[in-house]
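Written below as structure tokens is the structure these notes are about.
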């Protein structure tokens, strides 16, 4: 009895095509990046100033929470950073 040659798979017909205009990477505007890092920097500065007691009202927790909130807003802004 003769042996079968087996089944051959056809070669892939895929070719590399250029990406359409809608799928190209966008870049964030410069002002957005500056605002994002500025908000995080101001938040860190408020936390440090609260820690050393240089803010009005002493080491009140309102300043600490506002500084941590600013840092959080900065990190949330990184979700829209391209």
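The values are calculated or read from the model by the stated rules, or taken from the named source; none is laboratory data. Note that the coordinates shown come from a computational prediction; the quantities given were computed from them, not determined experimentally. Note that we place each Cβ from the backbone using ideal geometry, even for glycine, and neighbour counts take in every protein chain shown.
Among the residues of the range 52-64, those identified as in contact with a helix residue (DSSP H, G or I) (Cβ under 8 Å, 6 or more places away or on another chain) and at pLDDT 85 or above are 63, 64. The residues listed here are 38, 69; of these, the one that is modelled with pLDDT of 95 or more, farther than 18 Å from residue 81 by Cα and surrounded by 10 or more Cβ atoms within 10 Å (Cβ to Cβ) is 69.
Could you count how many residues in the range 54-66 are assigned to a helix (DSSP H, G or I) and surrounded by 11 or more Cβ atoms within 10 Å (Cβ to Cβ)?
The initial filter retains those residues of the range 54-66 that are assigned to a helix (DSSP H, G or I), namely 61-66.
Subset that is surrounded by 11 or more Cβ atoms within 10 Å (Cβ to Cβ): 63-66.
Of the residues in the range 54-66, 4 are assigned to a helix (DSSP H, G or I) and surrounded by 11 or more Cβ atoms within 10 Å (Cβ to Cβ).
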